1. Within region 254-267, can one find any residue that is crowded, with 21+ Cβ neighbours inside 10 Å and among the β-branched types (Val, Ile, Thr)?
2. Is there a residue being outside any strand (DSSP E or B), modelled with pLDDT under 90 and surrounded by 16 or more Cβ atoms within 10 Å (Cβ to Cβ) anywhere in region 224-242?
3. (1) surrounded by 19 or more Cβ atoms within 10 Å (Cβ to Cβ); (2) under 27 Å from the mean Cα position of the chain (by Cα); (3) under 13 Å from Glu96 (Cα atoms): which one isn't true of Phe5, the others all being true?
4. Of Thr39, Thr20, which residue is of a type in the set (Val, Ile, Thr) and closer than 30 Å to Glu207 by Cα?
5. Determine, yes or no, whether Thr12 is of a type in the set (Val, Ile, Thr) and out of contact with any strand residue (DSSP E or B) (no Cβ under 8 Å at 6 or more places or on another chain).
6. With the requirement that a residue be aromatic (Phe, Trp, Tyr) and farther than 21 Å from Ala153 by Cβ, what does region 49-85 give you?
7. Hey, does region 85-107 have a residue that's at pLDDT below 95 and in contact with a helix residue (DSSP H, G or I) (Cβ under 7 Å, 6 or more places away or on another chain)?
8. Name the strands (runs of 3 or more DSSP E) wholly inside region 110-220 in which the number of residues that are among the hydrophobic types (A, V, I, L, M, F, W, C), crowded, with 18+ Cβ neighbours inside 10 Å and modelled with pLDDT of 90 or more is 1 or more.
Amino acid sequence: MPEVFGNAPTGTVTAGGTTTTDTAFTVSPVTAFPVAATTPAPATWFRITDQALPMPTEIMYVSVCPGGTTAGQSWTVARAQEGSTAVAHGANWVAEQVVTAGTLASFGQGASVGGPTLAGLGLQLLTLNPQSVDSATVATTQRLEAALVTATASAPVSTLGTWYSGSSLAVSSPCELAIFSEAGTLLQGTADLSASIVTATAYTSLEGSITTVNLVQGTNYYLALLFTGTTMPALADSTNSAAFGALNGHYPSLLINSQTSMPGSFTPGTATGNSRIRMIWAR
């Protein structure tokens, strides 16, 4: 999910931001902002602050902006990012794009093991380097499988995905992807994706949209999937028959059987550890 930049863009916010909870802004740019959009992939975004306030009073992420200098633009904004605090801005306050510590930390920090970086693939979280994917193994029905990942940069994500293959598939609801906190609390999940799963003799990507989750640099998250059916697809993974114990209260990957729906939470330290890591991404 690339961060995009303009040359010192500013704009007057004629509506929005005057309370601490507004997320829909109306903006008339003075100098052109870049385009921020959730579709088509990869989604783009940028960071702003109030020009009249000292940094970092409130850092905000803009996920929807048409770009350019047309007056009365509609923006979608996430408030109080990177540990900052939401404030009530004055009438007709001026928004400016900024580079923050989170921006600088994201440069060149894609998770890579001798292969493509996260940034190169347009991703923010990735459970498994694509160059180390082993032969896929068939999913087990109603089994939640999750892997622990660390955000290398603060950024919004609005799409989760995985790779699958298989013929004569028979899947049913729920087939979902989700992102959980390190403590095992569900943050967001996709809608049921079973209708999108088709016969595929080669790896095929499966993606679903989620309500935007704003990742925090250095924070751990679990990316998870839950598939249901009688003839299940094979999911790209790192195949290994060994099951390792927990480290510092966490398994690198885990599984929880008999889940008829995406759980609202799980307890990482008491789930079953599993060395097989499914290929799941967030962008």
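1. Of region 254-267, the ones crowded, with 21+ Cβ neighbours inside 10 Å are 254.
Next cut, among the β-branched types (Val, Ile, Thr) only: none.
No, every residue in region 254-267 fails to be crowded, with 21+ Cβ neighbours inside 10 Å and among the β-branched types (Val, Ile, Thr).
2. no
3. Here Phe5 meets the rest and fails (1).
4. Thr39
5. Values: of a type in the set (Val, Ile, Thr): yes; out of contact with any strand residue (DSSP E or B) (no Cβ under 8 Å at 6 or more places or on another chain): no.
Here the answer is no, as Thr12 does not meet what is asked.
6. Answer for region 49-85, where residues must be aromatic (Phe, Trp, Tyr) and farther than 21 Å from Ala153 by Cβ: just Trp75.
7. no
8. 143-150, 155-166, 170-181, 200-215
The values are calculated or read from the model by the stated rules, or taken from the named source; none is laboratory data. Just so it is clear, the structure is predicted and the values come from calculations on it, not from any experiment. Cβ: placed from backbone, ideal geometry, glycine included. Neighbour counts: every protein chain shown.
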